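What follows is a set of notes on a single structure, which appears directly below.
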Amino acid sequence: MPFHHLEFPLPLHAFARPRYVSTAAAAALLLAVSACAPASPGSSGIPAPATSASGLPGSHVHGLSVNRETDQILLATHEGLFDVTTQPATKLGGTNDLMGFTAGAEQGVLFASGHPGPGSDLPNPLGLIKSTDGGKSWEPLSRQGESDFHALTAAKSGLVAFDGTLRTSPDGKTWSVQSAGFAPAALAADPTSDTVLATTQDGLQRSTDGGRTWALVPAAPIIQYVTFASPAKAIGVEPGGAVHSSADGGATWSAKGRIDGQVQAIAAVEGPEADTRVWVATSNEVVLSTDGGATFGPRAAD
């Protein structure tokens with residue numbers, strides 16, 4: 001069965017229910033199948049180039065990464081990878097529809113998946129591709145012509161990815177199928193830990209062994225996007241924009257603030273004094289919280 005990208009949000013009235021109540025019917029509305037299905041073989045999967053009114057590159061953001069050492073901010077979009085640390089944004093590498101995107105543990109190492117764009121000589125779908133120079137160039141690693149990983153993350157023991165089947169890999173080349181029993185809309189891990197979180201139609205799933213076994217977190221809010229600021233600190237966002245944080249790797253959660261606008265991707269970094277910074281790409285701009293998601297404001301871009 002072909003895999004259709006699971007994407008938020010639906011109209012907010014669809015989620016008018018108690019925050020911590022999760023029913024299968026309501027959660028199924030959360031993860032409705034969107035129009036972002038993989039392109040047929042031979043097509044690029046790339047829409048016409050577009051830029052939002054605020055100047056964000058690309059017509060849709062699928063991934064956001066912040067370098068913990070340099071504060072470089074990368075956006076993975078339908079039209080390729082962009083460095084938005086300063087303005088104007090700088091395009092890195094060729095034009096590829098980067099549906100799945102995550103940073104590795106080493107400096108400059110990135111992993112991605114999706115579809116080739118105009119002028120790209122990569123196969124369709126991309127399978128897993130890797131960059132060791134911060135996105136300037138990419139090399140195919142595995143499953144070229146087979147997998148379009150719409151959910152992708154890097155844990156300590158290796159990669160966790162979903163292309164219609166949940167898979168794990170220690171090296172990005174050999175893969176094992178995991179019988180998880182759910183379809184993740186988003187996957188998140190810290191590359192120095194084997195705790196992995198997955199947003200699913202039945203609520204938040206959590207693994208502590210690199211994605212091999214999973215357990216539902218029954219008291220967790222219904223989370224749309226999730227990211228790790230450190231091995232223990234996680235940030236999650238509900239479809240309506242409510243922000244939650246966890247200090248124990250996603251086992252328990254507390255309410256923080258709220259994000260205005262349609263969220264498309266998030267990233268977080270914990271500073272030396274445990275001051276968690278959270279970046280959010282909305283459909284209009286990239287906003288920043290310097291207080292762990294309690295408040296958000298414009299991001300200063302030089």
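The values are calculated or read from the model by the stated rules, or taken from the named source; none is laboratory data. As the structure is a computational prediction, the values presented were derived from the model and not from experiment. No Cβ is skipped: glycine too gets one built from the backbone with ideal geometry, and neighbour counts run over all protein chains shown. Note: areas computed on protein heavy atoms with side chains; ligands, DNA, RNA excluded. Shrake-Rupley method; radii C 1.70, N 1.55, O 1.52, S 1.80 Å.
Among the conditions (1) free of Cβ contacts under 8 Å to residues at least 24 places away in the same chain; (2) more than 20 Å from Gly94 (Cα to Cα), Pro140 misses just one, which is (2). A single member of Gly292, Gly261, Gly241 is open to solvent by 40 Å² or more (accessible area, probe 1.4 Å) and within 19 Å of the chain's Cα centre (by Cα), and it is Gly261. Filtering segment 166-188 to residues that are over 26 Å from Val66 (Cα atoms), loosely packed, with under 15 Cβ neighbours inside 10 Å and not hydrophobic (A, V, I, L, M, F, W, C) leaves Thr174, Ser176, Ser179, Gly181. Residues in segment 103-122 that are in contact (Cβ under 8 Å) with a residue 60 or more places away in the chain, within 16 Å of the chain's Cα centre (by Cα) and open to solvent by less than 30 Å² (accessible area, probe 1.4 Å): Gly104, Phe111, Gly114.
Okay, residues lined up against (1) of a type outside the set (Val, Ile, Thr); (2) touching a strand residue (DSSP E or B) at 6+ places or on another chain (Cβ under 8 Å); (3) crowded, with 24+ Cβ neighbours inside 10 Å:
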{"residue": "Asn124", "(1), (2), (3)": "yes, yes, no"}
{"residue": "Gly135", "(1), (2), (3)": "yes, yes, yes"}
{"residue": "Trp138", "(1), (2), (3)": "yes, yes, no"}
{"residue": "Arg143", "(1), (2), (3)": "yes, yes, no"}
{"residue": "Asp163", "(1), (2), (3)": "yes, yes, no"}
{"residue": "Thr199", "(1), (2), (3)": "no, yes, yes"}
{"residue": "Pro218", "(1), (2), (3)": "yes, yes, no"}
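Please go through segment 223-238 and give me each residue that is touching a residue at least 40 places away in the same chain (Cβ under 8 Å), part of a loop (DSSP other than H, G, I, E, B) and open to solvent by 10 Å² or more (accessible area, probe 1.4 Å), ordered by number. Matches in segment 223-238: Ser230, Pro231, Lys233, Glu238.
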